[in-house]
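Trainee: Take this structure first; my questions come after.
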């Protein structure tokens, strides 16, 4: 028989947080993710911890893609924050206890079930109103379904585009923190960054090696490192950045070392001796 005891460990959560989270519109998976974050942050008297998608999916016993989608929703609603990237390349997460910053569930998202009900209702209504209005309503429903499908595109942590997003986020974070503007990128959506990198590679035809080279360069350039703080901006400015990077590399080509002609030293030695200098004391270097 299970017999949990606080002596074996417990998690301290403020009553005020419990009261507000219970009134927040979260689905089951989102609530379970929040509970796991509490467990591994507040449960160890810390505010943040590295929690990968693999770890979260095992902790709540569900698919990683499902966890990724619902965690992204929590981040977008500012209930969960990305603090940075951990030593194992997973995201460092924290629970945002400032419930005044929490955002409501987006009202423009149309779920499959509600779309089905709307279609049924629309078909019934068609018998009493003009077909033009019904057709418009059906088209609107289809458009919302397409929009929702696009919004749900996610990238696994093992995907190359997500890894590119993590890599750039890590470098941008260092720049932002050094400049004292780390708060500007604290709550970035890495899924959107990954999608921007996908577009950069697949749509714009940029080579991944070149993309990495530009990422390295732009986060070190004195001017651009504080002006390109997102994957979207990197993609928008990529052509210009790539050109400037190559031009800067050309300017750094070392000039050939001019070796001293030994004949000059011979002439200098002869003058030294002619002026009464001791040949043994002549400096040949």
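The values are calculated or read from the model by the stated rules, or taken from the named source; none is laboratory data. Predicted model, so just to flag it, every value in this text is computed and none were measured. Neighbour counts are summed over all protein chains in view; Cβ atoms, including those assigned to glycine, are modelled from backbone coordinates with ideal geometry.
Trainee: Residues of region 22-34 being without any contact (Cβ under 8 Å) to a residue 24 or more places away in the chain and in a helix (DSSP H, G or I), which ones?
Mentor: Hits for region 22-34 are 28, 31.
Trainee: Just checking: which of the strands (runs of 3 or more DSSP E) contained wholly in region 43-158 hold 1 or more residues that are closer than 25 Å to residue 12 by Cβ, modelled with pLDDT under 90 and in the same structural domain as residue 174 (by TED's automatic domain parsing)?
Mentor: none
Trainee: For region 212-231, give me each residue that is surrounded by 15 or more Cβ atoms within 10 Å (Cβ to Cβ) and over 17 Å from residue 183 (Cα atoms).
Mentor: Across region 212-231, the qualifying residues are 213, 214, 215, 217, 218, 219, 221, 224.
Trainee: Here is a further query. In region 56-75, which residues are surrounded by fewer than 16 Cβ atoms within 10 Å (Cβ to Cβ) and under 15 Å from the mean Cα position of the chain (by Cα)?
Mentor: none
Trainee: Among what's in region 203-225 and is in contact (Cβ under 8 Å) with a residue 40 or more places away in the chain and part of a helix (DSSP H, G or I), pick the residue that is farthest from residue 68 (Cα to Cα).
Mentor: Only one residue tops the list, namely 225.
Trainee: A follow-up question, please. For the subset of region 182-202 comprising residues that are free of Cβ contacts under 8 Å to residues at least 24 places away in the same chain and either more than 17 Å from residue 162 (Cβ to Cβ) or not assigned by TED's automatic domain parsing to the domain that holds residue 245 (or both), which member is surrounded by the most Cβ atoms within 10 Å (Cβ to Cβ)?
Mentor: Checked region 182-202; the qualifying residue surrounded by the most Cβ atoms within 10 Å (Cβ to Cβ) is 182.
Trainee: Can we say residue 46 is more than 20 Å from the chain's Cα centre (by Cα) and closer than 15 Å to residue 97 by Cβ?
Mentor: In short, yes.
Trainee: What pairs come out if I take residues in region 63-78 that are at positive phi and pair them with residues that are outside any helix (DSSP H, G or I) whose C-beta lies under 8 Å away, six or more apart or interchain?
Mentor: So the pair list comes out as 78/96; 78/102; 78/103; 78/187.
Trainee: Can you find a residue that is in contact with a helix residue (DSSP H, G or I) (Cβ under 9 Å, 6 or more places away or on another chain), at pLDDT below 95, surrounded by fewer than 16 Cβ atoms within 10 Å (Cβ to Cβ) and part of a helix (DSSP H, G or I) anywhere in region 250-265?
Mentor: No, region 250-265 contains no residue that is in contact with a helix residue (DSSP H, G or I) (Cβ under 9 Å, 6 or more places away or on another chain), at pLDDT below 95, surrounded by fewer than 16 Cβ atoms within 10 Å (Cβ to Cβ) and part of a helix (DSSP H, G or I).
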